Every structure is written in structure tokens, then in C-alpha cells.
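Contents: one structure, followed by commentary.
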Amino acid sequence: MTVTALVSGGKDSIYSAYLADTQGLYVDELVTIAPSDPESMMFHTPNLSWVALQGQAWGKPTRTVRAEGSSGADEVDAVRRALSDHRGPVVAGAIASAYQWGRLHAVTFDLGRPLYTPLWGKDPGRVVRAEVDAGLDIRLVHLAAEPLTPDLLGRRLDLALVQELERRSREVRPVHVAGEGGEFETLVTDLPDWTQRLVLDDEVRESRGSVHRLMVRKAHLEPKHPGR
């Protein structure tokens, strides 16, 4: 049975695929949807090209399907094309976006593929803490909210930073602590099941108003246990 995980390289989709594996629903393919619109409401867009190295570190094949236009309908069509050739469950990392979940559910239902979203409806603070506790190495690569200042770009999302985000959300302006509203995006550089970690060699930082991006231009995999 083919179990497909829709992944972007960010924390929620990678963690959902990891949960599927640990719960006996073995993921044998990682599929990335590459939107034409960098401001896509449905899909994560920063640093998608590094999913291939994540898959290599995980021992899972990867595939990228590009949306042929920038509309929501074009993105839904890309999902349909990505999932139509196989059967079996589809894993996705949606937490609270009804826009994203509704469209994924409609496509998978039409294709007869069960949709598994283990994080859906969960408390965002608990989700992020669970991701950190599970051993994910998560880096902030896109910030798009007033309380999230440029000094956070590239930072590892650990428990101390989660608490800092919650503090800023209370004292400055509300922010979804899991970034589900687009306030921030992430890149996972390590996971317990990976045999190698993703090392970022060359980064470019860009700021426009309250939007700050870290674009990875070069990266490589490094063995976690040299000599073994």
C-alpha cells in the first residue's frame, strides 16, 4: 500500500509524516506541491528544494509537482495530479487552516484516499512542544508578523523560543504559536529517524517591512554518527 505524505520541509508536515511512521502507517513517498505564487494561502513556499535532501536523509523517495498557475484552483489541481496515480492514505500537516484542510479533504475524498491529519484541531502550543520534544531540529526561515523580529530568523525553535513567542503574542500582538496563520515558516534540519542531518552552508537574508526571509542557497547532508 502506498502511503503518501504531503510535505513542504517545514515542521508540521514533517512531524505528521514522522507520526504516521511511528504509528504503523509507514510513509513510502514524500510529495511536495510547489506553488507558483510565493504568497500561497494553501502551501508553504520557502526552501522547498531541500525536501529532496530531507528524503535522502530519511530513506524515502521524493517527488515535486508544480502548480501550473497561481490561483487556488490551480493549486488544488496540482494536488489532484500529485495524488491520482496511487491509492492508500495521504498524510498532511494541517493544524487549523480550514481553507487548506477542506481542499485537501475534497481531493482525497474524490480519489478514494483516506486523509490522515494527526495534528488537526490540536492546541498549537501543545503541537509545537511535542515537535520539539520529539527531537526535530526546526529553524525559522520566514517571518511575517510584527512581533517576530529579524533576530529570530534562522533560530532553532526550542522550548525557550516557544515561550518567547507566546510572551510576544501576549504583550505585542497575537501570533499563532505554530505559525498556522502564516506568521512564520520553518525548515526541519534533523529528525530522530534520519541517518543524516541537513547542514545549511549558504544563506541569504532578506527583509521587506515586517517580512523577513532566510533563503538557503547551498546545503549538504552530514552523517549523524561518523564512522559507523
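The values are calculated or read from the model by the stated rules, or taken from the named source; none is laboratory data. What you see is a predicted model, and the numbers here were worked out from it, not measured in a lab. FYI the Cβ positions are ideal-geometry reconstructions off the backbone, even for glycines, and counts take in every protein chain you see.
Here are the numbers for this structure:
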| item | result |
| --- | --- |
| Qualifying positions in the stretch 184-196 - within 18 Å of Leu48 (Cα to Cα) and of a type in the set (D, E, K, R) | Glu185, Asp190 |
| Cβ-Cβ under 7 Å pairs, at least 6 apart or on other chains, the stretch 175-196 side under 12 Å from Ile95 (Cβ atoms), far side hydroxyl-bearing (Ser, Thr, Tyr) and at pLDDT below 95 | Val177/Ser169; Glu180/Ser97 |
| Subset of the stretch 149-164 [under 23 Å from Asp202 (Cβ atoms) and either outside the structural domain of His212 (by TED's automatic domain parsing) or assigned to a helix (DSSP H, G or I) (or both)] | Pro150, Asp151, Leu152 |
| Exclusive hit being surrounded by 15 or more Cβ atoms within 10 Å (Cβ to Cβ), of a type outside the set (Val, Ile, Thr) and in a strand (DSSP E or B), set Ala5, Ala17 | Ala5 |
| Some residue of the stretch 157-179 being closer than 23 Å to Leu6 by Cα and polar (S, T, N, Q) | no |
| Lone unmet requirement of (1) surrounded by fewer than 20 Cβ atoms within 10 Å (Cβ to Cβ); (2) touching a His at 6+ places or on another chain (Cβ under 7 Å) for Leu143 | (1) |
| Any hit, the stretch 165-177, residues being β-branched (Val, Ile, Thr), in a strand (DSSP E or B) and surrounded by 19 or more Cβ atoms within 10 Å (Cβ to Cβ) | no |
| Selected residue (criterion: surrounded by the most Cβ atoms within 10 Å (Cβ to Cβ)) from residues of the stretch 178-215 that are aliphatic (A, V, I, L, M) and within 12 Å of Leu153 (Cα to Cα) | Leu187 |
